[in-house]
Amino acid sequence: MKKEATILIAVVAVLALVFAAVRAANRTPAAAPAAPLPAAQVQAPPPAQEPTEASVRRIEAQELQTLLSRGEVTVIDVRDADSYIAAHIAGALHIPLARIESEIPYLPRDKPIVTYCT
């Protein structure tokens, strides 16, 4: 019984390490995008109320490039993994749209967040 418990603890520890490595890999910036930068959305830190479509400001690719070069925004690619791997904005975090709500507590709050998809 004691041996099985030790093995179970070791398996759980390894799974935790794998999970942490996968999360880190998903957040690691990769190569520059192969395609032109898409239009993006900029959203200030969450207000007291839910944002509406009208309250989310849209920006063009050129403005996003300027904000990125100054380090003034956090960029999140909400597309699926295959799309992200194929091409994405350099430095963009990859958080698929289906997971974004569960990741909110972990998002940086020191600057506006820009999300994009195709």
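The values are calculated or read from the model by the stated rules, or taken from the named source; none is laboratory data. Here the structure is a predicted model, which is why all the values come from computation and not from measurement. FYI the Cβ positions are ideal-geometry reconstructions off the backbone, even for glycines, and counts take in every protein chain you see.
Worth a mention:
- Candidate set: the stretch 89-102, residues that are of a type outside the set (A, V, I, L, M, F, W, C) and farther than 14 Å from THR74 by Cα; chosen: the one surrounded by the most Cβ atoms within 10 Å (Cβ to Cβ): PRO96
- Residues that are free of Cβ contacts under 8 Å to residues at least 40 places away in the same chain, out of contact with any strand residue (DSSP E or B) (no Cβ under 6 Å at 6 or more places or on another chain), assigned to a loop (DSSP other than H, G, I, E, B) and not hydrophobic (A, V, I, L, M, F, W, C) within the stretch 72-110 comprise ARG79, ASP80, PRO96, ASP110, listed in sequence order.
- Tally of residues being assigned to a helix (DSSP H, G or I) and surrounded by fewer than 19 Cβ atoms within 10 Å (Cβ to Cβ) across the stretch 57-66: 5
- Only listed residue being modelled with pLDDT under 55, loosely packed, with under 11 Cβ neighbours inside 10 Å and part of a loop (DSSP other than H, G, I, E, B), chosen from ALA30, ALA34, ALA25: ALA34
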